[in-house]
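Below is one structure, written out as structure tokens; comments come after it.
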Amino acid sequence: PMLADALHEVSICLYPAVVLLFMRQALRTPVVHARLDAWLTWGVLASVVSTLCVPLGQFRLVGPLMQLAIVLSTALFAWLSWRSLRAGRSGARGFLAGSLGLLLPTLWAVLVAQGLVDGAAWIEASLVVAVLSFCVLANMGLLLDFKSVYDERLCAAADARLNRSLADQERRLRDEQARFFAWVA
């Protein structure tokens, strides 16, 4: 039981780091939100460092903060997903659906853990379903993003082939023109 409790506490500490790292890659925050990305890096570092409190027996000090960080990181992921959806990214619907599906049970679990509401009987099952749906929906979003990037690369490759073909035709026409003028001269 002590090992299970310690692993549970470690998972609470690492959860915000995992969400922030996934969000960083999925929503391209280094490119789209560069200033926010610097803060996300510090958030990931703080989340990882907070795990040091578990072996020291000080989880009760950082636990409530990490539970708040869980809700905030999931809400931030939902907000950035909404912005990506408004910007027209193809996978943003999956990210938004996954993050909203994860946000509500996560918020409920934090409220139950803090003793603010009662409802621990079904919270574990709802969290498992929420995490699974998040994984499926977010990965669908990633697949749609990869597909759009792949399609863009195919179009770029086709454009490059067309440009090379046009350049070859132009070069041949210049060569024929040069031969013709040399013949005339």
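Looking at this structure, is VAL18 at pLDDT 80 or above, among the hydrophobic types (A, V, I, L, M, F, W, C), within 24 Å of ASN139 (Cα to Cα) and open to solvent by 80 Å² or more (accessible area, probe 1.4 Å)? Yes; evaluated as a whole, the condition is true for this residue. In the stretch 31-42, the residue that is modelled with the highest pLDDT out of those that are open to solvent by 60 Å² or more (accessible area, probe 1.4 Å) and touching a helix residue (DSSP H, G or I) at 6+ places or on another chain (Cβ under 9 Å) is THR41.
Put simply, of LEU116, LEU45, LEU56, LEU61 the only residue that is modelled with pLDDT of 80 or more, loosely packed, with under 15 Cβ neighbours inside 10 Å and either on the phi > 0 side of the Ramachandran plot or assigned to a loop (DSSP other than H, G, I, E, B) (or both) is LEU56. Residues in the stretch 24-36 that are outside any loop (DSSP other than H, G, I, E, B) and without any contact (Cβ under 8 Å) to a residue 60 or more places away in the chain: 9 in all.
Residue-wise test of (1) farther than 26 Å from VAL62 by Cα; (2) exposed (fewer than 13 other Cβ atoms within 10 Å of the Cβ); (3) in contact (Cβ under 8 Å) with a residue 60 or more places away in the chain.
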site: LEU85; (1), (2), (3): yes, no, no
site: PHE95; (1), (2), (3): yes, no, yes
site: ALA109; (1), (2), (3): no, no, no
site: ASP151; (1), (2), (3): yes, yes, no
site: CYS155; (1), (2), (3): yes, yes, no
site: ARG164; (1), (2), (3): yes, yes, no
site: GLN169; (1), (2), (3): yes, yes, no
site: ALA178; (1), (2), (3): yes, yes, no
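Criterion first (part of a helix (DSSP H, G or I), modelled with pLDDT of 80 or more, surrounded by 10 or more Cβ atoms within 10 Å (Cβ to Cβ) and of a type in the set (Phe, Trp, Tyr)) does TRP79 satisfy it? Yes, satisfied. Among all residues of the stretch 144-153, there is at least one that is within 30 Å of the chain's Cα centre (by Cα), of a type in the set (Gly, Ala, Ser), part of a helix (DSSP H, G or I) and closer than 18 Å to GLY91 by Cα.
The values are calculated or read from the model by the stated rules, or taken from the named source; none is laboratory data. Quantities reported herein were computed from a predicted structural model and do not represent experimental measurements. Every residue, glycine among them, receives a Cβ derived from its backbone with ideal geometry; neighbour counts consider all protein chains shown. Quick note on the areas: whole protein, heavy atoms, side chains included, nothing else; ligands and nucleic acids left out. Shrake-Rupley method; radii C 1.70, N 1.55, O 1.52, S 1.80 Å.
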